[in-house]
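Participant: Here you go, one structure.
No value in this document is a laboratory result; all are computed from the given coordinates. None of these values were measured; they are calculated from a predicted model. No Cβ is skipped: glycine too gets one built from the backbone with ideal geometry, and neighbour counts run over all protein chains shown.
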Amino acid sequence: MTLSLRQKRRQETARDIQRATLELALARGLEHVTTEEIAQVAGVSTRTFFNYFNNKEAAAIGIPPGFRDEDTTALRNGKGSLAADLKRFLDRHIQLLAADMDVLRMVRQVVHANLKARLALDRILETEYDELADCLHARLGDRDIALALADHAVSCTKRAITLWEGQQDMTLAAALDRAWASHIAAAGILHSSG
C-alpha cells in the first residue's frame, strides 16, 4: 500500500512527537514532562500535539505497527499447518517492530518506569489480542481454542521482547525463534503428560 504525501507527513509528525516525548521522558521521567514541552521539542503547536495524541502517555507509546491486513488474511485463510502459519504471522509482526528498534527500546524503558504509559500500551495490546483471537476463531471455528492460541502468540511475543531487551547481541527475530521453540516445547510436555 502506497501512502499519500499527506499520510506520510502525518506519520512523520506522529513519530516526531513520539520521539520528543520519549527523549524528554528518559531524561526527566514522563511524569515531569508537560505536553507543552513535548510540542515545543517536536516543533509543533500544542493543538497539533492533541490532534495526534490524547495525552503524553499515548504519545510515549506512539502508534505501534499493528497487524498488517495481508498477514491477518493469510493467517485466517491459511491452508498449511496452523503452527507454521502462526509463526510466519508472528515473524512478520516482529519484522515491523524491529524496523525501529531504538524507539522500541525507549518505549520499553518508559513503560517500565511509568504505570500510566504501561496501561496505555496494555490497551493497545488488548486490541491486538482481540484482533488475533477473532482471526484465529474465523479459521478454527472454536472460540476457546482461538483465545488460547492468541494467548500463546501474545505471550511468545512478550517473551521475545524481554529476551531481546536483556541480550545486546540478540536480534528480535532470534529472540522470537527462541521464545517460540520454548512455547512449543512446553505445549509438547503438557500434551505428553496428558
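Participant: Kindly rank 56-67, 150-161 from highest to lowest mean number of other beta carbons found within 10 Å of each residue. Show your work: numbers first, answer last.
Facilitator: On the way: 56-67: 20.4, 150-161: 18.4.
My ranking of the peptides, most packed first, is 56-67, 150-161.
Participant: Give the relative contact order (percent, whole number) for region 44-191; include only Cα pairs under 8 Å separated by 6+ residues. Show your work: numbers first, answer last.
Facilitator: Numbers: 104 pairs, mean separation 33.8, N = 148.
It comes to 23 percent, rounded to a whole number.
Participant: Quick check: pseudo-label points 7 Å beyond the Cα along Cα→Cβ at ARG10 and LYS116, how many nm apart are they?
Facilitator: Those two pseudo-labels are separated by 2.6 nm.
Participant: What is the distance in Å between the Cα centres of region 44-79 and region 86-108?
Facilitator: Cα centroid of region 44-79 versus Cα centroid of region 86-108: 13 Å apart.
Participant: How large is ³J(HN,Hα) for each residue in region 72-77, as worked out from phi by the Karplus curve 6.51 cos²θ - 1.76 cosθ + 1.60 (θ = phi - 60°), to whole Hz, x for Gly and Pro?
Facilitator: Ordered by residue, 3J(HN,Hα) equals 5, 5, 4, 5, 4, 9 Hz.
Participant: Give, as ranges by residue number, the residues of region 54-93 whose backbone N falls under 19 Å from the point 7 Å along Cα→Cβ of THR171.
Facilitator: Under 19 Å, as judged by backbone N against the label point of THR171, lie 87-93 of region 54-93.
Participant: Same structure, new question: Once Kirkwood radius over Cα pairs in Å is worked out from the coordinates, which option in [x] 17.8; [y] 21.0; [z] 18.2 does it equal?
Facilitator: Only one option fits the structure, namely [z].
Participant: From the Cα gyration tensor of region 32-81, with a ≥ b ≥ c the square roots of its eigenvalues, which class applies: rounded if a/c is under 1.5, or else prolate if a/b is larger than b/c, or else oblate?
Facilitator: Since a/c reaches 1.5 and a/b is larger than b/c, the shape of region 32-81 is classed as prolate.
Participant: While we're here: Packing-wise, with mean Cβ within 10 Å as the measure, how do 138-145, 45-52 rank, highest first?
Facilitator: 45-52, 138-145
Participant: Using the crude model of +1 on Lys and Arg Cβ and -1 on Asp and Glu Cβ, and no other charge, please compute the dipole size for region 69-192 relative to its Cα centre, in debye to 20.
Facilitator: For this selection, approximately 240 debye.
Participant: Under 20 Å between alpha carbons, and skipping anything fewer than 8 positions from LYS116 in its own chain: which aspartates and glutamates qualify?
Facilitator: GLU23, GLU31, GLU36, GLU37, GLU57, GLU126, GLU128
Participant: Still on this structure, I have one more. Starting from the eigenvalues of the Cα gyration tensor, five times each then square-rooted, give me the equivalent ellipsoid semi-axes of region 1-64, largest first, whole Å.
Facilitator: With the √(5λ) rule applied to region 1-64, the semi-axes are 21, 12, 9 Å.
Participant: For a protection proxy built on the mean count of beta-carbon atoms within 10 angstrom, sort 84-90, 187-193 highest first, please. Could the numbers behind the result be given before it?
Facilitator: Values: 84-90: 18.4, 187-193: 8.9.
In decreasing order of mean packing, 84-90, 187-193 become 84-90, 187-193.
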